[in-house]
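Below is one structure, written out as structure tokens; comments come after it.
The values are calculated or read from the model by the stated rules, or taken from the named source; none is laboratory data. It should be emphasised that the depicted structure is a prediction, and the values quoted were computed from it without experimental measurement. When we count neighbours, we look across all protein chains shown, and the Cβ atoms used for this are built from the backbone with ideal geometry, even at glycine. Please note that ligands, DNA and RNA were not included when accessible areas were found on the heavy atoms of the full protein model with its side chains. Shrake-Rupley method; radii C 1.70, N 1.55, O 1.52, S 1.80 Å.
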Amino acid sequence: MNAIDLLKADHEHVKAILTQLSESTDRAIKKRTDLLAKLEMEVSIHTRLEEDILYPAFKQAGGKEVAEMYYEAKEEHRTVDSLVLPDLKATDPSQPEFAGRVKVVKELLEHHIQEEEKEMFPQARKLLGKAKLDTLGEKMETMKAQFKKELGNLAA
Ligand SMILES: [Fe+2]
Ligand SMILES: [Fe+2]
């Protein structure tokens, strides 16, 4: 699969989880906990695929011209992974504070996804070309299967 198509499919999945999470109520504690675990797994695998495979290729091909976009996107990853998601995980899912934090996570991720899809990915398509994106996509599929296996083993 083409690397960008694969990442876009992940985005749809993440957005669906965020919608379910934002529609859940303070009484749906188990549902919120399960959805949050799912979101964390999806986001962490997806971010690794981008930071280990697509982003370095993009930066190498685009040079100085894309450096700012590259660092901005990485900064958004860091905000979600090390600040916003850990805070949400530490929040009692039966409290309204949880819904407030979900809203912020949802806004941040939707903004980030939009920038990738509208700005970075079209430019990456031009810079890298179809053959290279197919090769990167194969790498991603292998890496994803491996991560899922590792995380599955941890959960078991
Ligand atoms: Fe990203
Ligand atoms: Fe992404």
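For the chain, what does -39500 (n - 2.57) per DSSP helix run (n ≥ 4), summed and divided by total residues, give at 222 nm, in deg cm²/dmol to the nearest 500?
On the way: 7 runs with 125 residues, N = 156.
Here the helix-only value at 222 nm equals -27000 deg cm²/dmol.
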*Cα axis of helix 64-78 to longest principal axis of the chain: angle in degrees, 0 to 90, nearest 10?*
20 degrees
*Just how large is the dipole of segment 1-109 about the Cα centre, in debye to the nearest 20, putting +1 at every Lys and Arg Cβ and -1 at every Asp and Glu Cβ?*
320 debye
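Quick check: from the Cα gyration tensor, does segment 3-155 come out rounded (a/c under 1.5), prolate or oblate?
prolate
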*Ala131 to Ala9: FRET efficiency via 1/(1 + (r/R0)^6), r the Cβ-Cβ distance, R0 25 Å, to the nearest 0.05?*
0.80
*Of Lys89/Lys132; Lys103/Lys148; Lys89/Lys130; Lys64/Lys89; Lys30/Lys144; Lys74/Lys139, which sit over 32 Å apart, Cα to Cα?*
Lys89/Lys132; Lys89/Lys130; Lys64/Lys89
*In Å², what does the accessible area per residue of segment 3-155 work out to with a 1.4 Å probe?*
56 Å²
*Remind me, relative contact order of the chain in percent, using alpha carbon pairs under 8 angstrom and six or more residues apart?*
42 percent
